[in-house]
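The values are calculated or read from the model by the stated rules, or taken from the named source; none is laboratory data. Remember, predicted model here, so these are calculated numbers, not experimental data. Cβ atoms come from the backbone with ideal geometry, glycine included; neighbour counts cover every protein chain shown.
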Amino acid sequence: LHPLRLRERGFNQAMELARAAARRCQIPLIAEGLRRIRYTTPQIRLDARARQINPLGAFVMERCMFGSRVALIDDVMTTASTVAECAR
């Protein structure tokens, strides 16, 4: 979650979901693996085509995870474009 959006909302809903999933599955939570580097328009305001383009280049891998199994948590998945960009 971009710091500006975190300030707007007051909490990171995807992080809350990730914490609960990690606890339930008894696996470590590595929150610093991926970082948003660009503020993007909220996906809810966009049509399907714009949602595919919106997250491009918005994330960077902070920690090498090549060859690792990871669970990527997003709060809402409609077109899967954010998840696809993070996985790339």
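Structural remarks
- Residue pairs meeting the criteria (Cβ under 8 Å; at least 6 apart or on separate chains; first touching a residue at least 40 places away in the same chain (Cβ under 8 Å), in the range 60-88; second among the aromatic types (Phe, Trp, Tyr)): CYS86/PHE59
- Residue, farthest from THR82 (Cα to Cα), within the range 7-41, restricted to residues that are in a loop (DSSP other than H, G, I, E, B) and either in contact (Cβ under 8 Å) with a residue 12 or more places away in the chain or among the aliphatic types (A, V, I, L, M) (or both): ILE27
- Hey, ARG69 outside any helix (DSSP H, G or I) and in contact with a strand residue (DSSP E or B) (Cβ under 8 Å, 6 or more places away or on another chain) or not: no
- Single unsatisfied condition, ALA50 versus (1) assigned to a helix (DSSP H, G or I); (2) farther than 23 Å from GLU8 by Cα: (2)
- Residues within the range 49-68 that are within 14 Å of VAL83 (Cα to Cα) and of a type outside the set (D, E, K, R), tallied: 10
- Matching residues in the range 19-47 - criterion: being at pLDDT below 90, under 23 Å from THR79 (Cα atoms) and among the hydrophobic types (A, V, I, L, M, F, W, C): LEU34, ILE44
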